[in-house]
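Remarks on the structure that follows.
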Amino acid sequence: QAKDAGRNSIRFFNPRMQATLDARMKLESALREGLDRGEFRLYYQPQVDRDGRLIGAEALLRWFPDGQLVGPDQFIPLAEETGLIVPLGQWVLDAACAQLSRWQQDEATRHLQLAVNVSARQFHEADFVERVRHSVEASGIDACGLKLELTESVVLEHVEEVVNRMHVLHELGVRFSLDDFGTGYSSLAYLRRLPLDQLKIDQGFVRGIVDHPEDAAIVDAIVAMSGSLGLATIAEGVETDEQWHVLLGSACQAGQGYLFGRPLPLEQWDALLLRESESV
Ligand code: C2E
Ligand code: MG
Ligand code: MG
Ligand code: MG
């Protein structure tokens, strides 16, 4: 009743705004129910080394309300705003660890690493470290196979706390990659303070790398700097042989993108693993 009155007063205030709010509330409750109903899936996108050999995957979240695929750009922002990203992110972490556990039980796949995206809100939850520890222990995995992808927005705030948390997780064996590197605002000064293992070169630079010397120069600089800091580099969004060629010329160590494979549902990913194991 109080809620109804509140809604009416908003509707009175601005009909367009009300429509937007209604749509958001619908999406929010659909997300919540979707989580209960098991409508989320992880897709796996291959990551390869300089020789094109499979070294792991990035887990990418997909939502299937009424069977239709919905991509993360359609719901992650709202999930972050509403805090739903916390249980959703926990689901992702548990599903990823369960998958890693399967890989680690098979000789042919035990070397594979699985990268998992972590949003700022999720990382800054009071019990984030404990939740990760729990997922790792419950699944029985060797945490070295788990790589958390943080964006610069995660490490921008409360740097002290971020460094502490990363150190605790690093002790467990968890690896860290800085996603979309080069697009954010993080100062180079604290790159060296964070226990990172890898910088992930944003696909924006990769896109322009063949036609725009500036992009190629930036990528060169990122790879060189990573090397001096003892970090590995991976390029995301690699779509063409030409792009990969330039990246190899910059001594970039790994790649991910449509050139090597799209994000795949589990059945197709397993088929890829099978082909991979037969080809060696
Ligand atoms: P991201 O982590 O930077 O992931 C890379 C995005 O680039 C993915 O989009 C992937 O499908 C896409 N991509 C990969 N290769 C290529 C390529 O060669 N060309 C082009 N044009 N695109 C490529 P996707 O799957 O739609 O995910 C978008 C973003 O949603 C991700 O960006 C990530 O920030 C977020 N996200 C995805 N899954 C999760 C999750 O489980 N948790 C959180 N917090 N965020 C997630
Ligand atoms: Mg990512
Ligand atoms: Mg990225
Ligand atoms: Mg990106």
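State the percent of C-alpha pairs, over all pairs in region 230-273, separated by a distance greater than 16 angstrom. Of all Cα-Cα pairs in region 230-273, 44 percent lie more than 16 Å apart.
Rounded to the nearest 10 degrees, the inclination of helix 128-139 to the longest alpha-carbon principal axis of the chain is 70 degrees. Put a plus charge on the Cβ of each Lys and Arg, a minus charge on the Cβ of each Asp and Glu, and nothing anywhere else: the dipole of region 128-250 about its Cα centre is then about 480 debye.
Averaged over its residues, region 39-119 has an accessible area of 42 Å² per residue, based on protein heavy atoms and a 1.4 Å probe. Surface exposure of region 170-280, expressed per residue as accessible area with a 1.4 Å probe, stands at 51 Å². Beyond 23 Å, how much of the Cα-Cα pair distribution for region 119-207 remains, as a whole percent? It works out to 22 percent of all Cα pairs. When the label point is put 7 Å from the Cα of Glu81 along its Cα-to-beta-carbon vector, which residues of region 14-40 have a backbone N closer than 17 Å? Residues 14-32 fall inside that zone. One equal scatterer on each Cα of the chain, no solvent, Debye formula: the resulting log10 I(q)/I(0) at q = 0.09, 0.14 Å⁻¹ is -0.47, -1.07. Treating each Cα of region 49-97 as one equal point scatterer and applying the Debye formula with no solvent, the log10 of I(q)/I(0) at q = 0.25, 0.29 Å⁻¹ comes out as -0.99, -1.15.
Dipole check for the chain: with +1 at the C-beta of Lys and Arg, -1 at the C-beta of Asp and Glu, and the Cα centre as origin, the magnitude is about 680 Debye.
A DSSP coil position with no more than 14 other Cβ atoms inside 10 Å describes the following trypsin sites (Lys or Arg not before Pro) in region 145-214: Arg192, Arg193. Based on Cα contacts under 8 Å between residues 6+ apart, the chain shows a relative contact order of 17 percent.
At q = 0.17 Å⁻¹, what is the log10 ratio I(q)/I(0) for region 124-280, with the Debye formula run over Cα points and no solvent? Scattering profile of region 124-280, log10 relative to I(0): -1.10. A Förster radius of 25 Å combined with the Cβ-Cβ distance from Glu171 to Gln105 puts the calculated FRET efficiency at roughly 0.55.
With both residues required to sit in the chain, DSSP beta bridges show an antiparallel share near 40%.
Of the solvent-accessible surface of the chain, computed with a 1.4 Å probe over protein heavy atoms with every protein chain present, carbon and sulfur atoms account for 52 percent.
The Rg/Rh ratio of region 64-176, with Rg taken over Cα atoms and Rh as the Kirkwood radius over Cα pairs, comes to 0.98. Look at the alpha carbon pairs under 8 Å that are at least 6 residues apart: their mean separation over the length of region 112-169 gives a relative contact order of 52 percent.
State the Cα centre-to-centre distance between region 56-133 and region 175-224 in whole Å. Cα centres, region 56-133 to region 175-224: 23 Å.
The values are calculated or read from the model by the stated rules, or taken from the named source; none is laboratory data. None of the values given here were measured: they were computed from a predicted structure. Cβ atoms come from the backbone with ideal geometry, glycine included; neighbour counts cover every protein chain shown. Accessible surface is based on the protein model in full, side chains and every heavy atom, while ligands, DNA and RNA are left aside. Shrake-Rupley method; radii C 1.70, N 1.55, O 1.52, S 1.80 Å.
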